[in-house]
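Asker: Please find one structure pasted underneath; my questions will follow.
The values are calculated or read from the model by the stated rules, or taken from the named source; none is laboratory data. Computed from a predicted structure; not experimentally measured. Using ideal geometry, Cβ is built from the backbone for each residue, glycine included, and neighbour counts are taken over all protein chains shown.
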Amino acid sequence: MAKIFVISTAGKDDINRANMAMNFALGARKNAGATVALMFLGRGVETLLRCSANAPQMKKTIEEMINAGIDVSYCGISLKNLGLNKDLIFDGIREVMGGVETAKRIDEGYSVVSF
């Protein structure tokens, strides 16, 4: 079975690309039965902001991914570098260090797909 690690770097300035990353992850999990993990990296963490115009849609999609068994995470260093903090993003998403998480997933045999 395929193991796919999706990295989303699209922020609030490119919501279509962020949606594409999440829909790709959902499709790979639901339609192909792949083991999927998704990490928001760099400006991608902006997708998780509770106060954004697209927050209801993003929250719904993220909850759908989690319910489908996708491991959803974000890079805490990216969040900090953008001057943001955990209180501004949705609950229930695991904080990781982006480079460490990517190396771990590659060691575990995941293929990396970046949006």
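Asker: In region 82-100, how many residues are touching a residue at least 24 places away in the same chain (Cβ under 8 Å) and closer than 18 Å to ALA10 by Cα? Walk me through it before giving the result.
Answerer: Let us first name the residues in region 82-100 that are touching a residue at least 24 places away in the same chain (Cβ under 8 Å), namely 82, 84, 88-90, 92-93, 96, 98.
Filter again for closer than 18 Å to ALA10 by Cα, leaving 82, 84, 88-90, 93, 96, 98.
Adding up the residues that qualify gives 8.
Asker: Can you name the residue in region 42-100 that is over 14 Å from ALA25 (Cβ atoms), among the β-branched types (Val, Ile, Thr) and surrounded by 13 or more Cβ atoms within 10 Å (Cβ to Cβ) and, of all such residues, is farthest from the chain's Cα centre (by Cα)?
Answerer: Filtering first and then ranking leaves ILE77.
Asker: Which of the residues that make up region 101-115 are in a loop (DSSP other than H, G, I, E, B) and under 12 Å from the mean Cα position of the chain (by Cα)? Outline the logic, then answer.
Answerer: In the first step, residues of region 101-115 are kept if they are in a loop (DSSP other than H, G, I, E, B); the result is 108-110, 115.
Scanning region 101-115 gives a single hit, PHE115.
Asker: Go through region 57-81 and give me each residue that's without any contact (Cβ under 8 Å) to a residue 40 or more places away in the chain, of a type in the set (A, V, I, L, M) and outside any helix (DSSP H, G or I).
Answerer: Taking region 57-81 first, the residues without any contact (Cβ under 8 Å) to a residue 40 or more places away in the chain are 57, 59-60, 63-64, 66-67, 71-81.
From what's left, of a type in the set (A, V, I, L, M): 66, 72, 77, 79.
Across region 57-81, the qualifying residue is only VAL72.
Asker: Additional query: Is it true that ALA32 is within 19 Å of TYR110 (Cα to Cα), aliphatic (A, V, I, L, M), assigned to a loop (DSSP other than H, G, I, E, B) and at pLDDT 95 or above?
Answerer: Details: within 19 Å of TYR110 (Cα to Cα): yes; aliphatic (A, V, I, L, M): yes; assigned to a loop (DSSP other than H, G, I, E, B): yes; at pLDDT 95 or above: yes.
Spelling it out, ALA32 is indeed within 19 Å of TYR110 (Cα to Cα), aliphatic (A, V, I, L, M), assigned to a loop (DSSP other than H, G, I, E, B) and at pLDDT 95 or above.
Asker: Being over 11 Å from the mean Cα position of the chain (by Cα) and closer than 12 Å to VAL112 by Cα is the filter here; which residues of region 1-26 pass it?
Answerer: Those that are over 11 Å from the mean Cα position of the chain (by Cα) and closer than 12 Å to VAL112 by Cα: ALA2, LYS3, ILE4.
Asker: Between ALA68, ALA53, which is hydrophobic (A, V, I, L, M, F, W, C) and at pLDDT below 95?
Answerer: After ruling out the rest, the residue left standing is ALA53.
Asker: Which condition does LEU26 not pass, out of (1) over 19 Å from CYS75 (Cβ atoms); (2) in contact (Cβ under 8 Å) with a residue 40 or more places away in the chain; (3) part of a loop (DSSP other than H, G, I, E, B), if it passes all the others?
Answerer: (3)
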